[in-house]
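Quick notes on the structure that follows.
The values are calculated or read from the model by the stated rules, or taken from the named source; none is laboratory data. This structure is a prediction, so every number in the text was calculated from the model and none was measured. No Cβ is skipped: glycine too gets one built from the backbone with ideal geometry, and neighbour counts run over all protein chains shown.
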Amino acid sequence: MQHDLMRTCVLAVTAGVLCSVFGMTFAGLRDAASQVPITDDVDDPAVWGQLYPLYYELYKKSVDMQRTKHGGSEAVPRTPTGTDPRTMVSRSKVEEDVGLRTMWQGYPFAVDFREERGHAYMLEDQTFTMRQQAAPQPGACLNCHASIYVAFKKAGEGNIMRGFEKINQMPFAEARKLVQHPVACIDCHDANLTLRVTRPAFIEGMRAYKASQGIQNYDVNSQATRQEMRAFVCGQCHVEYYFQGAEKRLVFPWSKGLKVEEIQAYYDEIRFRDWTHKDTGAATLKAQHPEFELWSQGIHARAGVTCADCHMPKISQNLTASDHWVRSPLHNVENACLGCHQQREPNLTAQEMKGRVEQIQDRHWNLRQHAMTALLALIADLKQAKDAGRSDAELVAARYLQRRAQFYLDFVEAENSTGFHAPQEAARILAESLNYARQGQLAVRDPSFRPTIDIFDFPPSPTAAPAPTPPR
């Protein structure tokens, strides 16, 4: 607690010193003396930093690597090579958890998947991951790994949608030449610091989601409230997605809703698969980082608390500037949590608050382990049955149940809060995953067993029947 209090004091003093030194206004924390022009074509955060020095100094702190009990990573030294110059990386999840490697057999994530680390590393980690050697990566990956708004504009000759479509289908190495920075000021702000969404995939995804609720032609930048935008700018990247068709169009599968079963239904309807599982032949899905979707089902979302409220809270109670050192709230409990929670519990301490979070995450992790055990048992049974010569027709139900159990488990595995963004929803998803895995085992053993859900029959390989194009 003393460490947290000291950090809060340091930030408050730093804010005061910078405001004094740079002559900044408290309303915008803008350097009144700076004559640096900021336009819609400036993506270098250092240039923005001349105008907004406090925000920039905080933004640069995302290079720090500090883990929590259930997430993040301390720096792991590595020896640079000709193809990867990094001297520090984060911990390898697939080396520490054999279940993940088994779950992803035949997919690049089985080769390389590491603990998350700060935004400062998002571009270099995607550039040098061994997944780049395991399978060709498209330019679409840069949507979530780079400051790409200006690149979209240039590639589309002023039209970001056209540039988005062009860059998506480029080979990653070619598209990588068009960007220089990880996520930066311009990706979430205009020159006056007004929040905005710059990613076409989110604009299209939110329009599809609102249409499912009966709201047609929704435009996020003109219709969202400012508080909604404090979540939407993060949801541009922290979401589930897939690459559609040969053009590798980045699509957020939200036309049926944001819940895991609604996204699963979307994929089933279009017969989409990310790959065919190497050991079982199941048409499997790889969940990505669906923090936005899981958060939307939780108590914080229902209370109107957004990503920025917790991950970018006020620097101090006396300075309303958002902390642009984006990090886990567990490293910043005083500012991220207690400002709200002490309104009802004045005597609540940072240590007790952190303990409550870790208890939720401990329970989630235990349930995750049960679900993983069940999934691995199903994969082993399916592999044994396949190797023994069981026909594709005999394994239809069990393979689909693996697809479903695995996607549900991966949905909360790939989500980076260890269940905290929506504890009850995460527990429900894991319980369903466990249930589907055990039903899959029954389907392998007993041909007369009838699962409790509808079964979709996928061809044994992705080339047997091309997936139809989903609606946008």
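Figures for the structure shown
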| item | result |
| --- | --- |
| Count - residues of the range 220-269 that are touching a Cys at 6+ places or on another chain (Cβ under 6 Å) and either over 23 Å from ALA427 (Cβ atoms) or part of a loop (DSSP other than H, G, I, E, B) (or both) | 3 |
| Residue in the range 350-370 that is surrounded by the most Cβ atoms within 10 Å (Cβ to Cβ), counting only those that are touching a Phe, Trp or Tyr at 6+ places or on another chain (Cβ under 8 Å) and of a type in the set (A, V, I, L, M, F, W, C) | VAL357 |
| Verdict on MET312 being in contact with a strand residue (DSSP E or B) (Cβ under 6 Å, 6 or more places away or on another chain), modelled with pLDDT of 95 or more and buried (at least 17 other Cβ atoms within 10 Å of the Cβ) | yes |
| Some residue of the range 69-86 being more than 20 Å from ASP125 (Cα to Cα), in a loop (DSSP other than H, G, I, E, B) and in contact (Cβ under 8 Å) with a residue 24 or more places away in the chain | yes |
| Flag if VAL150 is in contact (Cβ under 8 Å) with a residue 40 or more places away in the chain and either within 24 Å of VAL63 (Cα to Cα) or not in a helix (DSSP H, G or I) (or both) | yes |
| The range 302-321 residues that are farther than 24 Å from PHE292 by Cβ, paired with ones that are surrounded by 19 or more Cβ atoms within 10 Å (Cβ to Cβ) and of a type in the set (D, E, K, R) (beta carbon under 7 Å, 6 or more apart) | ILE315/ASP323 |
| Residue satisfying all of: in the range 131-183; crowded, with 18+ Cβ neighbours inside 10 Å and of a type in the set (S, T, N, Q); nearest to ARG249 (Cα to Cα) among these | ASN168 |
| Residues that are surrounded by fewer than 22 Cβ atoms within 10 Å (Cβ to Cβ) and assigned to a loop (DSSP other than H, G, I, E, B), drawn from the range 288-305 | GLN288, HIS289, SER296, GLN297, GLY298, ALA303, GLY304, VAL305 |
| Residue within the range 376-387 that is on the phi > 0 side of the Ramachandran plot, free of Cβ contacts under 8 Å to residues at least 60 places away in the same chain and not hydrophobic (A, V, I, L, M, F, W, C) present | no |
| 1 or more residues basic (Lys, Arg): qualifying helices (runs of 4 or more DSSP H) within the range 315-422 | 350-387, 396-414 |
| Count - residues of the range 306-333 that are in contact with a Lys or Arg (Cβ under 8 Å, 6 or more places away or on another chain) and hydroxyl-bearing (Ser, Thr, Tyr) | 3 |
| Number of positions in the range 44-66 that are buried (at least 18 other Cβ atoms within 10 Å of the Cβ), within 22 Å of the chain's Cα centre (by Cα) and not in a helix (DSSP H, G or I) | 1 |
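Condition check ((1) in contact with a Lys or Arg (Cβ under 8 Å, 6 or more places away or on another chain); (2) in a helix (DSSP H, G or I)) across all residues:
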{"position": "ARG101", "(1), (2)": "no, yes"}
{"position": "GLY106", "(1), (2)": "yes, no"}
{"position": "GLN133", "(1), (2)": "no, yes"}
{"position": "PRO136", "(1), (2)": "no, no"}
{"position": "LYS166", "(1), (2)": "no, yes"}
{"position": "HIS181", "(1), (2)": "no, no"}
